[in-house]
Amino acid sequence: MIRGVAAAPTFASLHDRDFRWFFFASLSQNAAMNMQMLARGFLVFWLTGSYAALGTLALVHAVSMLAFSLYGGVLADGRSKRMILQLGQIAAALNAAAVATLLFADLLRWEHLLVAAFAQGVTSGLMMPARQAMPPEIVEPSLLQNAVSLNTANMNVMRLLGPALAGVLLAVTEAEWAYTIMTVLFVISIVLLARVPKRAPRPRSMSAANVMRELREGFTYIRRTPTVFSLLAIGFTTSLLGMPYIRLMPGFVADVLNGDSAQLGILMSLAGFGSLTGALALASLRSRRRGRLLLLSMVVMGLGLTAFSASSIFAISIVLMFIVGIGEAGRQALNVVLIHQYADDAYRGRVMSVLMTQVGTMALGAFIVGLIAEAVGPQVGLGSFAVLLVLVAIVVHLFVPRVREIQ
């Protein structure tokens, strides 16, 4: 492993000019989205004091994303991915600006945040498959693992800094300024992305009949490609069992750790720092035994979440969030890299759109854990799902050699 790290430059794909512009555009967008996730959850819990409201917010966002993400995959395979991403960022900027306006006017209600979550879900559903499918168009195949890992590191840098900035802004100023900054960050991303060359595939009809045919072809391709199918199943399972903690952290910090928005920002940032560490390590590794490493990452994440759910001491929880972040980065980056490796170019957008619907399983998990938390407490809810994640990874390792043996 040490020789592998030394042999593979960690930042090799950043030598590509087009990828650099894509990387920094993504950095700005990720900052805005991570600030928004924390700020919206904080505002909903502050307005309602309800775990069920947090779960409902996550579910509304996810349902709207699910409703449009598959269509977003068809768009990504038939239109310019850069153009799709820029239009989505314009919509996201307008959404954040609308919430900021309501806050400045002192008119915000939690129902407004539900509407904003729905609109953001539609936007994300349409643009994120294009974003996920762009790296193979920008870098050569030998740099793909490095590029995807750096893109994951990019996201986790902003998971480190975005929540911290949002938490500080919420603690020392007013929420409207946090949403104003989000709007500016989306605009910056739009401008930077304009420097990435536009690569438009052969135009396809977007009629309802053709879209349905394209979707059927995509699902048939996934069903007939066992490795892609298995990797997607792993993504959905991990999202269901491992990721709900993100949506429920505002309530967990308030009730279990007796913290406020500043402590919430610190914990989410430490998870981001752990993910950044894991993603940079993965960017430096050779492409060997990645199936086993994917399953190991799931175990690390599950064990970290199990211990975190049992902790009521803030200092210990910080360390555990770092460990959770490391496991999450390995799972996320490897899942995307391996799907890119095994997916055919003609179906890449649709495959990535199916992967994007895992946000729906995360929201479903958050909704279920939220109901469990209301009934018996958040520690039992998060902990039980984390244990199940570890068990699933063990079962896959023992009984699904197709995944275990991926190099």
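Output yes when any residue across region 51-74 is within 19 Å of GLY349 (Cβ to Cβ), over 20 Å from the mean Cα position of the chain (by Cα), touching a residue at least 60 places away in the same chain (Cβ under 8 Å) and surrounded by fewer than 24 Cβ atoms within 10 Å (Cβ to Cβ), and no when none is. Yes: region 51-74 contains one or more residues that are within 19 Å of GLY349 (Cβ to Cβ), over 20 Å from the mean Cα position of the chain (by Cα), touching a residue at least 60 places away in the same chain (Cβ under 8 Å) and surrounded by fewer than 24 Cβ atoms within 10 Å (Cβ to Cβ). Collect the residues in region 47-71 that are closer than 24 Å to ILE84 by Cα and among the hydroxyl-bearing types (Ser, Thr, Tyr), keeping them in residue-number order. Across region 47-71, the qualifying residues are SER64, SER69, TYR71. Note on region 89-133: residues that are in a helix (DSSP H, G or I) and charged (D, E, K, R) amount to 2.
In region 61-88, the qualifying residues are those that are assigned to a helix (DSSP H, G or I) and among the charged types (D, E, K, R), and the one that is farthest from ALA39 (Cα to Cα) is ASP77.
Listed residues VAL148, VAL196, VAL187; which is at pLDDT 80 or above and farther than 25 Å from SER353 by Cβ?
Numbers: VAL148 fails: farther than 25 Å from SER353 by Cβ; VAL196 fails: farther than 25 Å from SER353 by Cβ.
Just a single option satisfies the conditions, and that option is VAL187.
Taking first residues from region 99-113 that are charged (D, E, K, R) and partners that are at pLDDT below 90 and part of a helix (DSSP H, G or I), the Cβ contacts under 9 Å between residues at least 6 apart in sequence or on separate chains come to ARG109/LEU47.
The values are calculated or read from the model by the stated rules, or taken from the named source; none is laboratory data. These numbers come from a predicted model, not from an experiment. Please note: Cβ atoms are built from the backbone with ideal geometry, for glycine as well, and neighbour counts cover all protein chains shown.
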